[in-house]
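Presented below is the structure to which this report refers.
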Amino acid sequence: MDPVTLSAGTTRGRVAELGIIRAEVRRGPSEKATEAQRAKGKLTARERIELLLDEGSFHEVEPLRRHRATGFGLEAKRPYTDGVITGWGTVHGRTVFVYAHDFRIFGGALGEAHATKIHKIMDMAVSAGAPLVSLNDGAGARIQEGVSALAGYGGIFQRNTRSSGVIPQISVMLGPCAGGAAYAPALTDFVFMVRETSQMFITGPDVVQAVTGEKITQNGLGGADVHAEVSGVAHFAYDDEKTCLEEVRYLLSLLPQNNRSTPPTIDSGDAVDRRSEALLDLVPADGSRSYDMRKVIEEIVDEGEYLEVHERWATNVICALARLGGQVVGIVANQPASLAGVLDIEASEKAARFVQMCDAFNIPIVTLLDVPGFLPGVAQEHGGIIRHGAKLLYAYCSATVPRISVILRKAYGGAYIVMDSQSIGADLTYAWPTNEIAVMGAEGAANVIFRRQIAEADDPEAMRARLVKEYKAELMHPYYAAERGLIDDVIDPTATREVLGSALAMLRTKHADLPSRKHGNPPQ
């Protein structure tokens with residue numbers, strides 16, 4: 001029944017009219033459109049919101065909004081919501097704002113009214129000081145509305161930028177995202193993708209083939225695995241929407257509401273003074289032997305539980321959120337099991353942005369070092385390893401949150417300095433008895449310093465071995481840095497968790513003043 005045919009003479013009639021309209025809003029455009037969405041293996045926008053938020057907590061904003069555009073048949077199609085559902089609810093009892101594209105309406109394409117709804121909810125999130133989650137499933141700008149749609153994207157980008165470092169922003173890619181629309185997720189703190197159903201690219205496969213002659217599928221060009229492993233655009237990739245949204249909820253539990261608060265502290269029941277004998281065997285004393293740093297992290301953090309960010313991109317460095325003594329910490333660690341844990345262009349970028357995120361949202365940073373240096377090579381130098389490595393240096397030097405470093409084994413050269421050494425502002429620096437802090441490895445150093453002596457010796461190899469041993473004994477013994485005040489203490493590996501817990505408790509009230517300036521000019 002058309003609402004306008006109802007009696008408008010009584011309050012009951014008006015309420016009945018409202019009920020019919022609301023039912024139409026909740027139902028969506030048509031059953032056929034819903035079936036088409038499900039045939040693609042995708043949930044509806046409302047189903048996604050229900051999975052993301054605590055049950056019954058969603059409050060919708062502007063559900064009755066309709067576009068005012070005319071031409072190209074638009075005046076005959078004016079569905080409620082205009083293809084985007086906006087509002088707020090709770091995740092684990094804390095307020096979260098959300099907008100979700102409804103692909104069933106105009107393919108989720110952004111028009112003027114659609115954009116205005118998103119702008120409003122973004123402004124509300126900042127005003128309330130609460131995270132914003134976007135559930136993206138849209139076909140880009142609504143072509144029929146022309147430049148008005150493009151201006152709508154500009155408003156989103158501006159708000160993404162203004163909100164950066166103020167509230168957590170999370171983009172969940174649940175469908176296509178092409179052209180300029182892809183820049184909004186790129187401006188947010190975290191990007192989630194679902195395999196097979198979500199893609200991101202600036203120009204699609206058809207344009208790529210027309211311009212370059214390269215033939216590729218949508219998933220091959222911009223699918224979840226591509227962005228999680230190759231480009232680094234996506235921080236997380238999952239097989240289905242339900243798992244993806246569960247992980248978004250978990251991430252939100254590790255983040256504060258805004259930059260003026262701290263993440264929630266939870267008593268996991270894991271004693272902060274728990275010792276771990278396993279650490280004595282996990283890390284070989286021989287610096288040439290590999291091991292998995294993830295196992296070290298599991299021994300140190302509460303209940304061995306952590307959320308790794310960018311798990312499959314730049315795998316030679318690990319970035320993870322975890323709890324230690326109930327307090328959320330960000331962990332940056334070299335991964336000897338991948339490229340021996342060296343720093344390269346991608347690892348530097350990955351760690352730098354993670355450090356900046358932690359600093360913005362009051363998350364203490366724990367750095368676990370086992371780094372043999374920067375990756376050598378023509379490709380790295382020509383690719384700008386100097387400026388990319390400087391990004392990590394800049395991020396650490398700028399960070400004012402509590403910063404604690406633990407040197408497990410190798411810490412060589414500039415990579416040691418960059419990985420939050422005491423000299424660039426780490427609050428506390430500890431080392432295991434297996435540490436080797438030096439300008440470079442003993443073999444390389446001996447070859448440089450004693451090149452002539454080795455060359456002139458009757459037995460060069462024996463001479464090299466003897467000089468390497470002397471260099472290690474003189475400059476690379478475990479207590480060399482401690483004797484010079486370059487680290488705060490050499491600790492028993494089994495006590496690492498206890499030492500970190502005590503240090504974090506002490507630094508909880510840390511306050512640091514920065515020079516007055518508009519902003520810095522970080523290396524790009």
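The values are calculated or read from the model by the stated rules, or taken from the named source; none is laboratory data. In this text, all values refer to a predicted model and were calculated from it rather than measured experimentally. So basically every Cβ, Gly included, is an ideal-geometry build from the backbone, and we count neighbours across all protein chains shown. Side chains are part of the model used for accessible areas, which takes the heavy atoms of the whole protein and leaves out ligands, DNA and RNA. Shrake-Rupley method; radii C 1.70, N 1.55, O 1.52, S 1.80 Å.
Max-minus-min Cα coordinates of segment 361-416 on each principal axis give 37, 26, 13 Å, with the largest extent listed first.
Each principal axis of segment 101-210 carries a Cα extent, and these read 45, 30, 24 Å when sorted largest first. What separates the Cα centres of segment 388-450 and segment 317-366 is a distance of 14 Å. Summed over qualifying helices (DSSP H, 4 residues or more, each -39500 (n - 2.57)) and divided by its residue number, the chain shows a 222 nm mean residue ellipticity of -11000 deg cm²/dmol.
The residues 308, 62, 474, 24, sorted by heavy-atom accessible surface at 1.4 Å with ligands and nucleic acids left out, run 474, 24, 62, 308 from largest to smallest.
In this structure residue 80 has an accessible area near 40 Å², from a 1.4 Å probe over the protein heavy atoms. Ranking 116, 522, 248 by how far each Cα lies toward the positive end of the dipole of the chain (charges on Cβ) leaves 116 at the top.
A straight Cα-to-Cα reach below 27 Å connects residue 472 with the lysines 410, residues fewer than 8 places away in its own chain not being considered. The spread of Cα positions in segment 299-355, taken along each principal axis and listed from longest to shortest, comes to 33, 22, 15 Å. Taking only the C-alpha atoms of the chain, the Rg (one decimal) and the largest Cα-Cα distance, Dmax (whole number), read 27.2, 111 Å.
A dipole drawn for the chain from +1 and -1 charges on Cβ atoms has a positive end, and of 347, 430, 126 the residue lying farthest that way is 126. Taking each of 120/518; 215/391; 42/77; 42/391; 295/391; 117/350 in turn, the alpha-carbon distance tops 31 angstrom for 215/391; 42/391; 117/350.
Expressed in units of 2.2 N^0.38 Å, where N is the residue count, the Cα radius of gyration of segment 193-306 is 1.56. Using the empirical formula 2.2 N^0.38 Å as the baseline, the Cα radius of gyration of segment 227-286 reaches a ratio of 1.70. Segment 21-38 and segment 100-136 have Cα centres lying 19 Å from one another. Shape index of segment 273-323: Rg/Rh, with Rg the Cα radius of gyration and Rh the Kirkwood radius from the inverse mean 1/r over Cα pairs, equals 0.99. Kindly express, to the nearest 10 degrees and within the range 0 to 90, the angle between helix 496-507's C-alpha long axis and the longest C-alpha principal axis of the chain. So the inclination is approximately 70 degrees. Summary value for segment 73-160: 31 percent relative contact order, contacts being C-alpha pairs under 8 angstrom separated by 6+ residues.
Protein-only accessible surface at a 1.4 angstrom probe places the residues 267, 102, 427 in the order 267, 427, 102, largest first. Per residue, the chain exposes an accessible area of 45 Å² to a 1.4 Å probe, with every protein chain left in place. Counting Lys +1, Arg +1, Asp -1, Glu -1, what net charge surrounds residue 340 among other residues with beta carbon under 12 Å of its beta carbon? Every neighbour counted, the sum reads +1.
Simple point charges give the picture: +1 on the Cβ of Lys and Arg, -1 on the Cβ of Asp and Glu, and for segment 247-323 a dipole about the Cα centre of about 360 debye. For the chain, carbon and sulfur atoms together expose 54% of the accessible surface, with a 1.4 angstrom probe and every protein chain in place. The figure for residue 295 is an accessible area of roughly 110 square angstrom, using a 1.4 Å probe on the protein chains alone. Listed peptides 218-225, 121-128, 355-362, 462-469 appear in the order 355-362, 218-225, 121-128, 462-469 once ranked by packing, highest mean of other Cβ atoms within 10 Å at the front.
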